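Below is one structure, written out as structure tokens; the observations come after it.
The values are calculated or read from the model by the stated rules, or taken from the named source; none is laboratory data. Bear in mind the structure is a predicted one, so any value in this text is a computation, not a measurement. All Cβ positions, glycine included, derive from the backbone under ideal geometry; neighbour counts span all protein chains shown. Accessible surface is based on the protein model in full, side chains and every heavy atom, while ligands, DNA and RNA are left aside. Shrake-Rupley method; radii C 1.70, N 1.55, O 1.52, S 1.80 Å.
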Amino acid sequence: MIDAHSHLENEAFDEDREEIIARMADDGLDAVVNVGSDIETSRAVVQLAREYEKLYAVVGVHPQEADGYSEAVREELVGLSRDEKVVAIGEVGLDYYYENSPRAVQREVFSAMLDLAVETDLPVVIHSRDAAEETFNIVSEFLDRHPSHHVLIHCYSYSVEMLARFIELGCYISLGGVTTFKNAKVPKRVAETVDIDRLLLETDCPYMTPEPHRGKRNEPKYVRFVAENIANLRGMDVETLIAHTDENTKRFYRWEQ
């Protein structure tokens with residue numbers, strides 16, 4: 001299995017990070033992609049990827065951290081992106097739920113991060129919350145200009161109808177623990193209907209812990225519960241689902257295991 005979106009650099013793992021990484025093979029994990037949200041966490045995920053063979057890194061500025069963006073941050077991200085273990089720019093986008101950064105600033109930084117993805121020739125991992133239509137329009141315009149670029153909507157949280165529109169653009173979709181929640185009717189429908197060739201599995205750990213561990217700290221090995229749940233929703237064998245999603249993850253991040 002591959003956990004396509006994780007945050008092992010988070011302080012929630014300070015006491016047992018090495019233990020979690022050491023047991024990846026025993027937990028059935030072939031790789032974990034750790035994702036930055038600002039310059040500090042971007043540095044941290046790159047350092048982890050350098051230290052551990054099965055860890056990869058994504059670097060960028062999260063919309064909630066957009067206020068901290070500067071030309072100096074951009075230049076450092078360019079440098080970090082040259083590392084062979086950096087596989088994408090992210091997570092970047094729009095978050096109108098918390099609005100820790102003003103919307104105008106989020107839009108400006110999102111545009112800058114998309115430009116960075118083009119400059120570095122790396123895929124884009126997008127965070128979008130309460131900003132479906134605007135995110136769609138920005139991504140649509142981006143892909144009109146750069147049709148071969150890979151775009152992933154991480155932790156997809158919108159409708160089935162919007163899903164179809166993103167898929168039509170050629171986007172990839174990653175799903176995680178929320179699909180296991182009892183009353184998550186729309187995420188379950190999304191999991192049932194998303195194109196199997198565009199689906200990635202994630203934990204977004206330490207957040208969004210799936211059942212049966214909801215309420216506790218999430219970690220990469222729990223991607224198995226996400227896989228089992230989505231396979232059940234789709235009426236598929238779980239190993240068949242994992243084979244598809246692992247292949248999709250390798251295709252999106254443009255690497256070979």
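Residues in the range 240-255 that are under 14 Å from V32 (Cβ atoms) and surrounded by fewer than 21 Cβ atoms within 10 Å (Cβ to Cβ): 3 in all. Taking (1) under 22 Å from E19 (Cβ atoms); (2) in a helix (DSSP H, G or I) in turn, G215 satisfies each apart from (2).
Taking the criterion of being closer than 14 Å to L233 by Cα and open to solvent by less than 30 Å² (accessible area, probe 1.4 Å), the residues of the range 167-195 that qualify are L175, G176, G177, T179, T180, F181, A184, V190, A191, V194. Only one of the numbered conditions (1) open to solvent by less than 10 Å² (accessible area, probe 1.4 Å); (2) free of Cβ contacts under 8 Å to residues at least 40 places away in the same chain is violated by D237, and that is (1). The helices (runs of 4 or more DSSP H) located wholly in the range 122-203 include none with 2 or more residues which are under 18 Å from the mean Cα position of the chain (by Cα) and among the basic types (K, R). For first residues located in the range 10-37 and charged (D, E, K, R), partners that are surrounded by fewer than 19 Cβ atoms within 10 Å (Cβ to Cβ) and at pLDDT below 95 and lie 6+ apart or on another chain with Cβ distances below 9 Å form the pairs D30/Q257. Candidates V45, V78, V33, V58: the one that is touching an Asp or Glu at 6+ places or on another chain (Cβ under 8 Å), open to solvent by less than 40 Å² (accessible area, probe 1.4 Å) and farther than 30 Å from Y158 by Cβ is V78. Residue pairs whose Cβ atoms lie under 7 Å apart, sitting 6 or more positions apart in sequence or on different chains, and linking a residue in the range 92-111 that is touching a residue at least 40 places away in the same chain (Cβ under 8 Å) to a partner that is buried (at least 17 other Cβ atoms within 10 Å of the Cβ) and in a loop (DSSP other than H, G, I, E, B), are L94/A131; V109/V61; V109/Y69. Residues considered: P123, P147. Of these, the only one that is surrounded by fewer than 23 Cβ atoms within 10 Å (Cβ to Cβ) and touching a His at 6+ places or on another chain (Cβ under 9 Å) is P123.
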